[in-house]
Amino acid sequence: MTSPPSNVADICSIFEEKSDWYDSTLAAYKRWGAPVHVQMAIINQESSFVGDAQPDRVRFLGIPLWWRPTSAYGYTQAVDMTWNDYIKMTGNYGADRDDFADAADFVGWYMKHTTLSLGISGSDAYRQYLAYHEGRKGYQRGHWKSKPALVRAARHVATFADRYKKQLRRCQSSLASGEEDE
């Protein structure tokens, strides 16, 4: 399993350390129109860039039980049903939730369909994240409005996306040419 980047607060540092991640997010941008900085902010929020992340096991009287509260897994914390929809709709039958390239493509695909069905701009990290976390129908029903922790998380995603966008301007040309930023 790939270890998370050493500095998740700096997108340039992330991409210098894991150059294939830049290629993956750029490919998802070209395919789905999902901005690189928004993809990365969502993945950061969902898994802290841990490829095999999963929810903690359910506990009973402080003892961890065998099952988990959801099937969320991987960089994207996608649940089984949504991941299977992605595979069927894209034909990406070899996709794995713990593979960063597949995760970036999934986030891009999800964001594109959120834009098409809800009219939320791909650059609107706050609302994209709310729809990502709650599902599009849950977003439409306003389930997120009664979840202050989720609203804080969405604000965090938007803050990170803004930070990543500014940072990316600093290093994008060197990343595109495959050189180290000096």
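Against the conditions (1) buried (at least 24 other Cβ atoms within 10 Å of the Cβ); (2) over 20 Å from G74 (Cβ atoms), I120 satisfies every one except (1). Quickly run through region 173-182 and pick out the residues that are modelled with pLDDT under 85, out of contact with any helix residue (DSSP H, G or I) (no Cβ under 7 Å at 6 or more places or on another chain) and either part of a loop (DSSP other than H, G, I, E, B) or not aliphatic (A, V, I, L, M) (or both). Correct list: S177, G178, E179, E182. Among the residues making up region 84-106, those that are out of contact with any strand residue (DSSP E or B) (no Cβ under 9 Å at 6 or more places or on another chain), open to solvent by less than 50 Å² (accessible area, probe 1.4 Å) and either among the polar types (S, T, N, Q) or closer than 21 Å to D20 by Cβ (or both) are T90, N92, A95, F100, A101, D102, A104, D105.
Please verify whether D105 is closer than 27 Å to S3 by Cα and either in contact with a His (Cβ under 8 Å, 6 or more places away or on another chain) or among the acidic types (D, E) (or both), treating the condition exactly as stated. Criteria met by D105. When R97 is tested against (1) under 27 Å from I14 (Cβ atoms); (2) assigned to a helix (DSSP H, G or I); (3) among the charged types (D, E, K, R), only condition (2) is not met.
Only residues that are basic (K, R), assigned to a helix (DSSP H, G or I) and free of Cβ contacts under 8 Å to residues at least 24 places away in the same chain were counted across region 123-172, and they come to 7.
Loosely packed, with under 15 Cβ neighbours inside 10 Å and farther than 25 Å from D20 by Cα, is that true of M81? The answer is yes for M81. Could you check region 1-32 and list, in sequence order, the residues that are part of a loop (DSSP other than H, G, I, E, B) and surrounded by 14 or more Cβ atoms within 10 Å (Cβ to Cβ)? Matches in region 1-32: T2, P4, P5, V8, D10, K18.
The values are calculated or read from the model by the stated rules, or taken from the named source; none is laboratory data. Remember, it's a predicted structure, so these values are computed and weren't measured experimentally. Note that we place each Cβ from the backbone using ideal geometry, even for glycine, and neighbour counts take in every protein chain shown. Areas reflect the complete protein model, heavy atoms only, side chains present, ligands, DNA and RNA absent. Shrake-Rupley method; radii C 1.70, N 1.55, O 1.52, S 1.80 Å.
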